[in-house]
1. Summing +1 for each Lys or Arg and -1 for each Asp or Glu, what net charge is found among the other residues whose Cβ lies under 11 Å from the Cβ of Ala579?
2. Rank-order 353-364, 119-130, 406-417, 5-16 by packing density, defined as the average count of other C-beta atoms within 10 Å over each peptide's residues, highest first.
3. If amide H atoms are built 1.01 Å from N in the plane of the peptide, which residues on other chains or at least 5 residues away come under 5 Å of the amide H of Ala502?
4. Show which aspartates and glutamates lie in cross-link reach of Lys191 when reach means a straight Cα distance below 15 angstrom and same-chain residues fewer than eight apart are skipped.
5. Take Asp658, Asp328, Asp45, Asp585 and order them by how many other Cβ atoms sit within 10 Å, fewest up front.
6. I need the semi-axes of the equivalent ellipsoid of the chain: take the C-alpha gyration tensor, multiply each eigenvalue by 5, square-root it, list largest first in whole angstrom.
7. Give the long-range amide H neighbours of Ile36: residues separated by 5 or more places, or on another chain, with amide H under 5 Å away, using H modelled in the peptide plane at 1.01 Å from N.
8. What ranking do Leu94, Leu569, Leu189, Leu558 get, fewest neighbouring Cβ atoms within 10 angstrom at the top?
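FYI, it's all coordinate maths here, none of it is from the lab. Remember, predicted model here, so these are calculated numbers, not experimental data. All Cβ positions, even for glycine, are placed from backbone atoms using ideal geometry, and neighbour counts span all protein chains on display.
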Amino acid sequence: MRRLLQRLVRFLFQHLFRVELRGWEHYPRDEARLLIVANHVSYLDGALLAAFLPDMPIFVINTHMARHWWMKPFIAVTRHVSIDPTNSHYLKTLIQHLKAGERVAVFPEGRISVTGALMKVYEGSALAADKADAALLPVHIEGAQYSLFSRLRGIPRHRRLLPRIRLTMLPPRRLSASADNNRARRRQLAKKLYELMAELAYAGMDIDQPLAAAMLESWERRGGRRVVLEDAQQQRLGWRSLFARAFALADLLDRAPGSAEGLGMRVGLLLPNSAAALVALLALHLRGRVSVILNFSAGGQELLGACRTAQVRTVCTSRAFVAAANLDAQLAALSAQVTVLFLEDLRSRATLRVRLRGLARALLPAWNFHRLAGPVQAGDPAVILFTSGSERAPKGVVLTHRNLLANIAQARAVFDLTPCDVALNALPLFHAFGLTTATLTPLLLGARVILYPSPLHYSVIPELAYERHATVLFGTNTFLLGYGRNAHPYDFFSVRGVVMGAEALREETRRLWLEKFGIRISEGYGLTETSPVLAANNRHHHRSGTVGKLFPGIEYYLEPVDGISDGGLLCVRGANIMAGYLLPDQPDRLVAPHTERGPGWHNTGDIVRFDEDGFITILGRAKRFAKLGGEMISLAAVERLAAACWPEEQHAALNLPDPLKGEQIVLLTTRRDADRSALTAAARQQALSELHIPRQVLVVAEIPLLGSGKPNYPGIHRLAEQMTKSTPLSGSHPLGH
């Protein structure tokens, strides 16, 4: 009778919720002791596991939940044990069932998620499996959180009547702990269980599809009318209007007057943070083209170099943007080599027929996408970005659809973003952090994304956050410090999360946000080549002074570095690692990532240290170390030393040739009365060697920055060389007065 009922429920789920099973071949039929662990996103979860697992397990049910009337039918037809988690004996009951050879299913979160993301993970499951020597079988439930049976916090329209559900199973594994001490062992097991659940959440996402298909999946689950994108021009778009405009623009681009050779497969976008930029990016994807997002803060020659490297024949931009950003010189340089299309000119060609065709195609968007774009695969290029050029000539970074979706899935597994969030992003889309993390991640989750064209408007952005009730904010240290200094203490009253990257978080910025707004900044770390985020602090784990832990799905090793005893050069591998580089001198060749361990591995160029809990401390760029007296001195550490002395100012350290010692460290600072004696005192207080004290201190009006907010080290290097040419070297003479 129970088997018949199981088949009936399975049939209903398959046809009503179109349940997709992935990894079900991993089910271990010969495992003697098995504990099935799953995330908990709805009241359907137990029934889903009971219907699709080959063997009916014993379900662990909270005693208080078991008393509800709607639980009675489930309890009546399944094997279960009621356990009170507050009772210290509940573990014994769980261990007894496992040792008896029973297959037990448990939800380690202990409650249904109200965010749709991973919530607090209790250690009981890991302890029971360890004591009973049982294997853990991870199962991830995706999609049920959008059903009417979830507890997703927020407005009801986030829920759908019959959303598509996906069940993903990972291979069984046993958790191990090396500690003999009971408390330390519990701590290790709890940590590994959380890591397993985060890995499970990442594995449960579908990254093997085109970006446009992932957008359509988000549309299907959350509806097409709700506003998901808005900008400073008061454009407010839902999924349906976003796709309708993108289909129409794709038609206009195909018919636009230009070179006889047409647009080409790679099309440049020179646009600010706006709804139009996302429409253009999607329009290119709908025709199977690759978006090359250009850095509008670069000079004309740099833009031309980027177009040559990416083999771009056509660039889309806006007359209003060119005028507002004073880009006439850059545009003149571009126009001499490539075809420039203005969106305003294309808009004038958007006849009623073109718009109606776009609306019609948005009625069957998936079919029209596959028909018009052709066979787009997850491994095909999606966007081409350029490295910041903070140390050398920018290189083209080819990111595939899988790269972008993998990093989005990793971020969703770690951060508790929800469809109810309002994400405010002023970071430029030519920066991977601004594109993937701050725009595509909340957008694909169904949150509302507000795009603002400039991160430098330090007074406007806090007011915008206040007016639009922003809940999530993205930025760099430089920008967040500017917002914090200019904002009213109540401007960020609705903000519950701030994610920071691209540069190191300064102590002054951390303290300012904590004391003025009561917000703890989550510092992360990444590279354009990794789509971009590799690691981040979050609400599950946070350690100040570090950039958090590696995202799930990323392998790593440390390559030894002479003079560095407590760290090494970080090399990584994962689905978010780029397809390869396009080099300025080899535009026809894709240079895939590769290290001594083989293809797929990428050398980050960063020297890092992992602590015993997996938190990462960035010691500095490998190229940003000076070798003095046989010791490797991090220039980033010198900058932190200067920031400790003068937290209100900006600083940049670099190494220049020294005629006697080979190298010397020079510090550029905006502190007018800067002197080496203050740095000497600070170094002694921090127990740093005298080698960390710069040989020269150069006072400048401002530190050259890139458009992303990072220090422009080539520009800083040129400035320092100019200043030192006119001044003799001196170990105690501060320059610039």
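1. Charge balance near Ala579 sits at -1.
2. Values: 353-364: 15.3, 119-130: 22.0, 406-417: 25.0, 5-16: 13.6.
The densest-packed peptide leads the list: 406-417, 119-130, 353-364, 5-16.
3. So Ala502 has HN proximity to Gly526.
4. Cross-link targets: Glu109, Glu123, Asp130, Glu199, Asp611, Glu612, Asp613.
5. Asp585, Asp328, Asp658, Asp45
6. Numbers: eigenvalues 407, 249, 100 Å².
So the equivalent ellipsoid measures 45, 35, 22 Å along its semi-axes.
7. Those lying under 5 Å, H to H, from Ile36 are Val104, Ala105, Val106, Leu137.
8. So the ranking, lowest neighbour count to highest, is Leu558, Leu569, Leu189, Leu94.
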